[in-house]
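Chemist: The following block contains the structure, expressed as structure tokens.
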Amino acid sequence: MNEAKTMVELVSKIQREGNWQELIEKIPYAKFIGISVLSMGDEIIFKMDPLPSNTGNPVLPALHGGVIAGFMETAATLNMMMRLDVVQVPKIIDLTVDYLRSGAMKDTYATCILNRQGRRVANVQVLAWQKNRETPIASARAHFLFDDDE
Amino acid sequence: MRFSEQRYLAGVERFIGVIPQCQALKMAALEANNKRVLFTVPFAEHLIGNAKKQLIHSGVITTLLDTACGSVVICALPRFEMCPTLDLRIDHLRPAVAGLPLYCVAKVIKVTPQIVFTEGEVYQEEGLPVARAAANFMRLGEDKTPLEMDVAVFGVNE
């Protein structure tokens, strides 16, 4: 209970101050693949560093497709926590990723669109790009569940 | 089958052995043939996505599925070809808990001249699936992949 209170306090503090890096510090996997958040006004852009350990194809070289998906999934989850008064971590129900271009070993960005926010389920669309948004490396959509079991 | 199961297993071990992300996850191949592979990822603290509930991040599950499905593709083809993932669809059926390894079975559903269709399942305890996936891969063609890569992965014929 005490921890839940800290989480509520943490998220509302972050929502006030806009320092989302503090939340990312609480997610070991997000640090493992090098995720950070750039929030500019209303716009939230997620960034993933080209860590050598994120390589999936050492010949090209290129990012691992699973890491790109993991990044997009994390972006969708954090985006929801940032946009809504959600203090719990939404549960992922399903994820569909279309790989459009190979991901070079450089900074990758992602933005999310909350297509629908229902009482129990949310639908989020995610775009990942490196050069610009017009040439995305992957596009994804995911459903998330909010349940009250905590 | 092109090779013995041992040779397929050695091949996929070599394949994931050169992928830095798979090494970072300490991913290992347990079984392999031209239709099916079994992979595993041991638990580690940095794989946690939800510290409060002690759950493994779904991104790890996605990477395991993508790698296992991609590896069964190279086993199913007449020779090694570069096959990027076209798309990947995952259903998360139950949370993956901290402390236990992940296992992933990937199968080839159909091989066509351009596309390979696969499906995969992740579990921690047999019979209790954590996630299932359908992944489709694009064949770049034998001419796009040097023959040496087939030898590098699967070894030289006796």
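Rule-based calculations on the coordinates, nothing more; no lab input. Not measured: the values here are computed from a predicted model. Here Cβ is always computed from backbone atoms with ideal geometry, including for glycine, and neighbour counts include all displayed protein chains.
Chemist: Could you list all residues from the range B:123-142 that are within 21 Å of A:Gly65 (Cα to Cα) and assigned to a strand (DSSP E or B)?
Modeler: The answer is B:Tyr123, B:Val130, B:Ala131, B:Arg132, B:Ala133, B:Ala134, B:Ala135, B:Asn136, B:Phe137, B:Met138.
Chemist: Give, as residue ranges, the strands (runs of 3 or more DSSP E) completely inside the range A:79-150 that count at least 2 residues that are of a type in the set (S, T, N, Q) and surrounded by fewer than 17 Cβ atoms within 10 Å (Cβ to Cβ).
Modeler: A:108-117, A:121-129
Chemist: Could you please give the count of residues in the range B:1-15 that are touching a strand residue (DSSP E or B) at 6+ places or on another chain (Cβ under 8 Å) and closer than 11 Å to B:Gly155 by Cβ?
Modeler: Residues that pass the stated criteria total 2.
Chemist: Tell me the residue from A:Ala104, A:Ala76 that is under 12 Å from the mean Cα position of the chain (by Cα), among the hydrophobic types (A, V, I, L, M, F, W, C) and at negative phi, please.
Modeler: A:Ala76
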